[in-house]
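**Student:** Would you mind keeping the following structure in view while I ask a few things?
Each reported figure results from applying straightforward, stated rules to the coordinates on display, with no laboratory input. Predicted, not measured: the structure shown is a model, and the values here were computed from it. Cβ placement follows ideal geometry from the backbone for every residue including glycine, while neighbour counts extend to all protein chains displayed.
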Amino acid sequence: MIKLEKLSKVFETPGGGSVIAADQVSMEVPEGEICVLLGPSGCGKTTTLKMINGLIQKTSGKIWVAGCDTDEQDPVQLRRSIGYVIQQIGLFPNMTIEDNICVVPDLLGWDKTKSRRRAGELLELVNLDPGIFLKRYPKELSGGQQQRVGVIRALAADPPVLLMDEPFGAIDPINRAVIQDEFLKMQTELRKTIAFVSHDIDEAIKMADKIAIFKDGVLEQYDSPDDLLARPANDFIASFLGQDRTLKRLSLLQVQDVMFGDQVRVMARDDLEKARGLMREVGHKNIVMVGPRGRARGYLHLNDILDSTGKVEEHYQGLPATVNIRDDLRSAVSKMFRHDTTWLVCVDDEGFFKGSITQRAISHALGATYRDSDVATGAAAEAL
Amino acid sequence: MKMQILPHQERFRSRIAFGLGAILGIGLMIGERGYIGDTWRLYSEDILFLTVQHIQLVLVSSGLAILVGVPVGIMLSRPRMQRYSEAVLQVFNIGTTIPTLALLALSITLLGIGFVPAVFGLWAATLLPIVRNVFQGLRSVPDYLKEAATGMGMTPLHILRSVELPNALFVIFAGIRTAVAVNVGTVPLAFLIGGGGLGELIFTGIDLNEMQMLMAGAIPVALLSIAADWILAKAQYWLIPRGVNPLRN
Amino acid sequence: METLVFIGQNLDVIAERTVQHVSIVGVAIGLAILTGVPIGILITLNARAASIVLYVAAIIITIPSIALFGLMIPILSLIGQGVGYLPAVIAVLLYSQLPIIRNTYTAISNVDPALREAARGLGMTPSQRLRRVEIPLAIPVVMAGVRIAVVMNIGITAIAAYIGAGGLGVFIARGISQSDPRQLITGALFVSLLAIVSDYFLMWLQRRLTPASSSSRAAGPSELG
């Protein structure tokens, strides 16, 4: 959808020298994906982004957007077909929110009633009440609200491609996380092709389908976030990603990727004998007790019931915590530490027992790489 | 001069202006035999005639200054002129330092005596602050707004019309307000170079040591100036859209 | 050319009138600083008083100078000073109030609250705070106001030649009444030079008085004839 081929930019400096801001950059952003251009300041990521919509003239190379060579398009028309979001938001203070959102539709000569209706719909999409906000001026909005408007303004003419230059950089961390989540939710429906400049590794890992790491104008590595964290191509990338890059992968994996499913279980009315038998059979020291319809209710530990008799309901202990199968591993680990336990019961949204997860399994998953992520090996199941 | 004027002060100013107007009106009506009433009887014809002339001078010279100053300011702010802009700004700073009486004097040496040199001198004194503020106002529009506009596919003309000028409007208007204040303050001097106006009563009154004639000129001049400033303050408040008007929130 | 000859022949007169001009502006601005700065500081204590004072000053500055001279003549005539040096000084004094009061007021009320807090934390009394923190920080901004006032009033003093105050305006007045371009140009030239030189000198002084770390928020010079 966006394709760059040997794209270069050389800036002439006043002293007569020259600086290579982008050096033979080749990459492709597939349709519907978010590609984050990441790197330290001055690495050429912003220059590369701005060459795509012609805000910076390229020195050499080729750019295709939606299958068309941008050299063959009028830059003004090209820009109207690409959504653009900048760090400073850049809402026009002289226009109401409605007029700000409708800038590109108006430039394209769309029907005013149609574009104004769309402005209202877009505001609802980011949880801003159109009745309140359409007629307001930018200065009457908070930073976070302005940023949301900045994003939907870029979506107003429904462009297939979006360029975003540190779009959430100016917001405080709490609001930033909220807006990132909102944006990702929108993206699952809209499926735009997005090039997104960031200098924040955590943001990149959270937002990106693919990350492009730049250094001194050179594209150093272009990979999925997990591959990047698991296999940084060189020392620069490894140190840029940080010492804790392995921990960062925790937020990329969900509990259901790592848990052991189809676990044996007992019911309240079962005999302890049956529980002991099941545990010995699968070689685990714990077994989960479920309710009549399969919700996780509690558990038994083998050592506690070695010599006991009776029913499961007389001996079970409550679960200290459960974890949702769609939570990321980060919150699973956090819960384990908080409750000083090495395993957790995994449930779905309704609380039905789906499996369990262990510390060993998690560390094993992090040690492995994405492609051979078949982590449910026997060794990792030992702790159960 | 960029004045930071708070809205409540704006209201206060209009109250003072109104109060002064009311005092004059009362003086005119009930002071049939008083000082003001007396002066009015003696000079009402002169005052009316010269007031019209006075207002004409203001309107013609400041109107022409706006008509020329705004386009010139826009031209100077274009990227093509960038490398001259510092020098231009220096020249304009020096230009606005030159006393208006000196400008009128230079106008005489160029054009002689009469309405045209008077208008020319006033025009020159009014022009500089307008050009300077248009230029500075347009330059102070943040680059990122222009970048956002370009990135969204606006042409340079579009950007000037829909982004730069609206966002510079407050500063531009402040310049016009300052310039008109300079103009109104200088118009009484136009009499000296044969341009007419209420200055005639003041200067002749001083020369002849004729106090009533002096007052017949000075009071209307003062009131006209205050009224002009009041009108412009109101216009600045109401004409500039809420989004870019720091006086309105 | 004729003008240059005229200038060459009249250097002593030019010098004398320049001194007169500078003396009117200098005395009046000096008095304006002595009155305007304390007023500017005092009105930071009361917002209502501040808006009243600033608006009276703004109204005064709106009145054209020749009208103000005219309005003062009957009043000052009561003490036999209707024309001449005194009304010129009073007019300049009045016109200077707005820029000086306004800049003092703005500077003092804009002192970073954190600094004020720190000064209080160090145990300074309000008057120590004013003397040691607020006034030193305000000086560059006040200077900017003084600069505006000086440039504006060099022009106004030129007009004061018409009420017999002397100064460089006399060349212009006589040039007009005698239709003598030499005097006209001489007057216009020297009064402009005086304004420009003063402006640059005061700008230099303002920079000298500005601590390197803080920048002045003041407006540039203005020009109300």
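**Student:** Take the alpha carbon atoms of the range A:46-193, find their radius of gyration, then divide it by 2.2 N^0.38 Å using N residues; give the quotient. If you can, show how the numbers build up before the last one.
**Tutor:** Values: Rg = 15.4 Å, N = 148, 2.2 N^0.38 = 14.7 Å.
Dividing the Cα radius of gyration by 2.2 N^0.38 Å gives 1.05.
**Student:** Quick one: what are the phi-derived ³J(HN,Hα) couplings along the range A:191-202, Karplus 6.51/-1.76/1.60 with θ = phi - 60°, whole Hz, x for glycine and proline?
**Tutor:** These are the phi-based 3J(HN,Hα) values: 6, 7, 8, 10, 9, 9, 8, 8, 10, 9, 4, 5 Hz.
**Student:** Could you give the spread of the C-alpha atoms of the range A:255-383 along their three principal axes, from largest to smallest, in whole angstroms?
**Tutor:** Ordered largest first, the range A:255-383 gives principal extents of 46, 29, 25 Å.
**Student:** P(r) for the range B:44-244: what percent of alpha-carbon pairs falls in each 10 Å bin, starting at zero?
**Tutor:** 9, 30, 30, 18, 9, 3, 0
**Student:** Taking 45 Å as R0, compute the FRET efficiency from the Cβ-Cβ separation of A:ASP271 and A:THR246 and round it to 0.05.
**Tutor:** 0.50
**Student:** Calculate the dipole size of the protein assembly as shown relative to its Cα centre from +1 charges on Lys and Arg beta carbons and -1 charges on Asp and Glu beta carbons; express the result in debye to the nearest 20.
**Tutor:** Numbers: 78 positive and 77 negative charges, 286 e Å.
It works out to roughly 1380 debye.
**Student:** How do A:ARG249, C:ARG207 line up, fewest other C-beta atoms within 10 Å first? Could you put the intermediate results ahead of the total?
**Tutor:** Details: A:ARG249 22, C:ARG207 12.
Neighbour counts put them in this order, fewest first: C:ARG207, A:ARG249.
**Student:** Also: 222 nm [θ] for chain B, helices only, -39500 (n - 2.57) per DSSP H run of 4+, per residue, to 500?
**Tutor:** Values: 10 runs with 194 residues, N = 249.
Counting only the DSSP helices, I get -26500 deg cm²/dmol.
**Student:** What pairs in A:LYS45/A:LYS215; A:LYS135/A:LYS192; A:LYS210/A:LYS248; A:LYS50/A:LYS248 have C-alpha atoms more than 18 Å from each other? Walk me through the intermediate numbers first.
**Tutor:** Values: A:LYS45/A:LYS215 9 Å; A:LYS135/A:LYS192 28 Å; A:LYS210/A:LYS248 15 Å; A:LYS50/A:LYS248 29 Å.
With Cα atoms farther than 18 Å apart: A:LYS135/A:LYS192; A:LYS50/A:LYS248.
**Student:** In whole angstrom, note down how far apart the Cα centers of the range C:106-144 and the range B:62-139 are.
**Tutor:** The distance from the Cα centre of the range C:106-144 to that of the range B:62-139 comes to 39 Å.
**Student:** Okay, helix-only estimate at 222 nm for chain A: each DSSP H run of n ≥ 4 adds -39500 (n - 2.57), divide by all residues, round to 500 deg cm²/dmol; what do you get?
**Tutor:** Numbers: 16 runs with 131 residues, N = 384.
Result for chain A: -9000 deg cm²/dmol, rounded to the nearest 500.
**Student:** Quick check: convex hull of the Cα atoms in the range A:26-82, volume per residue, rounded to a whole Å³?
**Tutor:** Working: hull volume 5.5 nm³, N = 57.
Taking the convex hull of the Cα positions in the range A:26-82, it is 97 Å³ per residue.
**Student:** Taking amide hydrogens as modeled 1.01 Å from N in the peptide plane, which residues meet the under 5 Å criterion relative to A:GLU33, leaving out close sequence neighbours?
**Tutor:** The answer is A:ILE194.
**Student:** Specify, per residue and in Å³, the volume enclosed by the convex hull of the alpha carbon atoms belonging to chain C.
**Tutor:** Convex hull of Cα atoms, per residue: 133 Å³.
**Student:** Which three extents, in whole angstrom, do the alpha-carbon atoms of the range A:192-302 cover along their principal axes, largest first?
**Tutor:** 68, 32, 17
**Student:** So, counting K/R as plus one and D/E as minus one, what does the shell of residues with Cβ under 15 Å around A:ILE201 add up to? Intermediate values should be presented prior to the final figure.
**Tutor:** Values: positive: A:LYS45, A:ARG176, A:LYS206, A:LYS210, A:LYS215, A:ARG245, A:LYS248, A:ARG249, A:ARG330; negative: A:GLU166, A:ASP200, A:ASP202, A:GLU203, A:GLU220, A:ASP223, A:ASP226, A:ASP227, A:ASP244.
Residues close to A:ILE201 contribute a combined charge of 0.
**Student:** Here is a follow-up. Can you compute the helix-only [θ] at 222 nm over chain C? Use -39500 (n - 2.57) per DSSP H run of at least 4 residues, normalise by all residues, nearest 500 deg cm²/dmol. Don't skip to the answer; put the middle values down first.
**Tutor:** Details: 10 runs with 170 residues, N = 225.
It comes out at -25500 deg cm²/dmol, rounded to the nearest 500.
**Student:** Among C:ILE156, C:ILE59, C:ILE108, which one shows the biggest mean-square fluctuation in a GNM of chain C, springs joining Cα atoms closer than 10 Å?
**Tutor:** The residue that fluctuates most here is C:ILE59.
**Student:** List every residue whose amide H lies under 5 Å from the amide H of A:PHE214, counting only residues 5 or more places away in sequence or on a different chain, with H placed 1.01 Å from N in the peptide plane.
**Tutor:** The list, which skips near neighbours in sequence, is A:LEU38, A:GLY39, A:GLU220.
**Student:** Looking only at Cα atoms, what is the convex hull volume of the range B:62-156 per residue, in Å³? Don't jump to the answer; show the numbers that get you there.
**Tutor:** Values: hull volume 9.9 nm³, N = 95.
Per residue, the Cα convex hull of the range B:62-156 comes to 105 Å³.
**Student:** Can you compute the FRET efficiency between A:ALA238 and B:ALA227 using 1/(1 + (r/R0)^6), with r the Cβ-Cβ distance and R0 = 56 Å? Round to the nearest 0.05.
**Tutor:** With a Förster radius of 56 Å, E is 0.15.
**Student:** Quick one: plug the Kirkwood hydrodynamic radius of the range B:142-191 (C-alpha pairs) into Stokes-Einstein at 4 °C, 1.567 mPa s, and report D in µm²/s.
**Tutor:** Details: Rh = 12.9 Å.
Answer from the Stokes-Einstein relation: 100 µm²/s.
**Student:** For the protein assembly as shown, list log₁₀ I(q)/I(0) at each q in 0.07, 0.11 Å⁻¹, using the Debye formula over Cα point scatterers of equal strength and ignoring solvent, two decimals each.
**Tutor:** After summing over all Cα pairs, the log10 values are -0.75, -1.23.
**Student:** While we're looking at this one, here's another question. Hey, if you drop one equal point scatterer on each alpha-carbon of the range A:2-251 and run the Debye formula without solvent, what base-10 log of I(q)/I(0) do you get at q = 0.09, 0.13, 0.15 Å⁻¹?
**Tutor:** Those come out to -0.40, -0.83, -1.08, one per q.
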